[in-house]
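The next block holds one structure in the form of structure tokens; read it before the comments.
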Amino acid sequence: MILQRLTLVNYKNLEEADLSFSPNINCFLGNNGMGKTNLLDAIYYLSFCRSYSNQIDSQNIMHEREFFMIHGYYNDGDKPEDIYCGVKRRAKKQFKRNKKEYDKLSDHIGLIPLVMVSPQDSVLLSGGSEERRKFIDIVISQFDKQYLDYLIKYNNALQQRNHLLKMDRSFSDESLFEVWEEQMSMYGEKIYSCRKSFIEKFTPVFNEFYDYISGSKEKVSLNYTSHIEKGNLAELLKEVRERDFILGYSSRGIHKDELEMNLGDYPIRKIGSQGQNKTYLTVLKLAQYEFLKKIRNTEPILLLDDIFDKLDSSRVEKIIKLVSGDRFGQIFITDTNRTNLDNMIKAIHGSYSFFDVKEGIITLSENSY
């Protein structure tokens with residue numbers, strides 16, 4: 001999938017832009033706070049119907065404006081795709097494919113496969129388990145429509161059970177608990193199976209990329225754990241129902257699954273250096289790209305936001321060599337350092353576009369080819 005052109009109005013600090021892109025590498029140079037990341041976020045929005053950094057749509061509208069609009073013109077082989085998003089304050093979000101509005105936004109997920117590498121990925125290590133589950137869910141949802149449906153139905157059952165837990169005990173109905181616990185068990189088993197299969201197939205790709213970038217100097221691993229491994233979820237939920245009444249929420253289920261990210265035998269978030277953490281997260285996303293490429297038989301769009309920060313020269317060189325090769329398709333990359341972008345351009349064989357970004361204004365550089 002290739003993004004040929006992007007137009008936008010009032011998206012964050014970007015008042016207006018109309019940009020045409022190279023099918024290979026697109027570089028954006030500018031100081032921090034100028035709008036480079038916001039441009040990548042707009043591209044991300046057209047794939048996932050939401051911002052990468054702020055899920056409250058009204059907060060992505062430029063200050064003192066009433067709406068934002070993002071319009072992308074894509075090409076999938078010889079097939080054009082026209083994707084439009086419009087958000088107005090106090091109004092329903094519009095999302096259209098080829099001028100036809102979606103009935104459900106979930107129907108759009110997966111149409112335009114995309115991977116974003118961002119400094120905000122650090123939350124995968126520093127944040128709670130929900131951040132790591134979200135990573136798994138985003139990847140699987142891009143190639144398995146049914147999985148997203150399982151998640152929606154499981155979360156509905158979870159919400160209903162949690163509602164019952166907050167009610168007065170004298171009004172609680174055991175049969176209602178059984179209904180929602182059976183629903184959680186049924187869809188939880190399906191979700192667990194999908195997640196487990198994904199991690200088993202994903203881990204070798206992750207290890208391959210990490211070995212290359214680190215020079216095989218470090219051993220890393222991913223370990224997926226779930227309450228479902230302890231038995232039937234409906235029975236587990238029944239066992240802890242009394243305790244859950246006290247807690248006021250469901251303490252068992254796939255909404256508590258964990259993806260352990262380790263360096264050697266320990267969690268990398270506890271022992272990893274800044275460079276090791278950055279390498280781990282970058283490799284995680286590059287492996288995600290490779291996995292999606294193979295399973296979807298198409299090249300996702302790759303967004304690289306300030307990925308060279310905190311990495312030594314050896315790892316920077318290997319990442320440049322890797323992403324500028326034939327394994328990756330269209331790339332959008334930002335940096336404050338001209339040298340990194342120039343080295344990227346020197347490594348590629350093909351066209352590129354170079355943009356300067358200053359105070360929300362994006363201009364095509366004369367250096368583009």
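The values are calculated or read from the model by the stated rules, or taken from the named source; none is laboratory data. Keep in mind it's a predicted model, so treat the numbers as computed, not measured. Reconstructed Cβ throughout: ideal geometry from the backbone, glycine too, with neighbour counts over all protein chains shown.
The figures follow:
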{"read-out": "Residue satisfying all of: in segment 60-78; modelled with pLDDT under 90 and farther than 16 Å from Glu16 by Cα; nearest to the chain's Cα centre (by Cα) among these", "value": "Asp76"}
{"read-out": "Residue within segment 74-96 that is within 16 Å of Thr7 (Cβ to Cβ), free of Cβ contacts under 8 Å to residues at least 60 places away in the same chain, basic (Lys, Arg) and surrounded by 12 or more Cβ atoms within 10 Å (Cβ to Cβ) present", "value": "yes"}
{"read-out": "Enumeration of residues in segment 256-273 that are buried (at least 20 other Cβ atoms within 10 Å of the Cβ) and either assigned to a loop (DSSP other than H, G, I, E, B) or without any contact (Cβ under 8 Å) to a residue 12 or more places away in the chain (or both)", "value": "Asp257, Gly272"}
{"read-out": "Residue ranges of strands (runs of 3 or more DSSP E) in segment 2-76 with at least 2 members within 30 Å of Leu124 (Cα to Cα)", "value": "2-11, 25-29, 67-76"}
{"read-out": "Residue in segment 42-53 that is more than 26 Å from Lys134 (Cβ to Cβ) and among the small types (Gly, Ala, Ser) present", "value": "no"}
{"read-out": "Candidates Lys92, Lys96 - the one that is over 27 Å from Ile333 (Cβ atoms) and assigned to a strand (DSSP E or B)", "value": "Lys96"}
{"read-out": "Members of segment 322-335 that are surrounded by fewer than 17 Cβ atoms within 10 Å (Cβ to Cβ) and more than 15 Å from Lys285 (Cα to Cα)", "value": "Gly325, Asp326"}
{"read-out": "Looking only at segment 222-255, and only at residues there that are assigned to a helix (DSSP H, G or I) and touching a Phe, Trp or Tyr at 6+ places or on another chain (Cβ under 7 Å), the one that is nearest to Glu174 (Cα to Cα)", "value": "Arg241"}
{"read-out": "Filtered residues of segment 99-129 (kept if loosely packed, with under 14 Cβ neighbours inside 10 Å, assigned to a helix (DSSP H, G or I) and free of Cβ contacts under 8 Å to residues at least 60 places away in the same chain)", "value": "Leu105"}
{"read-out": "Residue that is modelled with the highest pLDDT, among those in segment 28-48 that are out of contact with any strand residue (DSSP E or B) (no Cβ under 6 Å at 6 or more places or on another chain) and surrounded by fewer than 22 Cβ atoms within 10 Å (Cβ to Cβ)", "value": "Phe48"}
{"read-out": "Filtered residue count, segment 15-27, keeping only those that are aliphatic (A, V, I, L, M) and surrounded by 22 or more Cβ atoms within 10 Å (Cβ to Cβ)", "value": "1"}
{"read-out": "All positions within segment 318-365 that are in a helix (DSSP H, G or I) and within 25 Å of the chain's Cα centre (by Cα)", "value": "Lys318, Ile319, Ile320, Lys321, Leu322, Val323, Asn340, Leu341, Met344"}
{"read-out": "Selection count where residues are among the acidic types (Asp, Glu), within 20 Å of the chain's Cα centre (by Cα) and farther than 30 Å from Arg169 by Cβ, scope segment 256-267", "value": "2"}
{"read-out": "Qualifying positions in segment 108-142 - in contact with a Gly (Cβ under 7 Å, 6 or more places away or on another chain) and either of a type in the set (Ser, Thr, Tyr) or at pLDDT 90 or above (or both)", "value": "Ser141"}
{"read-out": "Selection from segment 149-180 of residues that are of a type in the set (Lys, Arg) and in a helix (DSSP H, G or I)", "value": "Lys153, Arg161, Arg169"}
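Residues are listed down the side, and each one gets a yes or a no for (1) more than 18 Å from Cys27 (Cβ to Cβ); (2) hydrophobic (A, V, I, L, M, F, W, C); (3) touching a strand residue (DSSP E or B) at 6+ places or on another chain (Cβ under 8 Å); (4) crowded, with 21+ Cβ neighbours inside 10 Å:
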| position | (1), (2), (3), (4) |
| --- | --- |
| Ala287 | yes, yes, no, yes |
| Glu299 | yes, no, no, no |
| Phe308 | no, yes, yes, yes |
| Leu311 | no, yes, no, no |
| Ile320 | no, yes, no, yes |
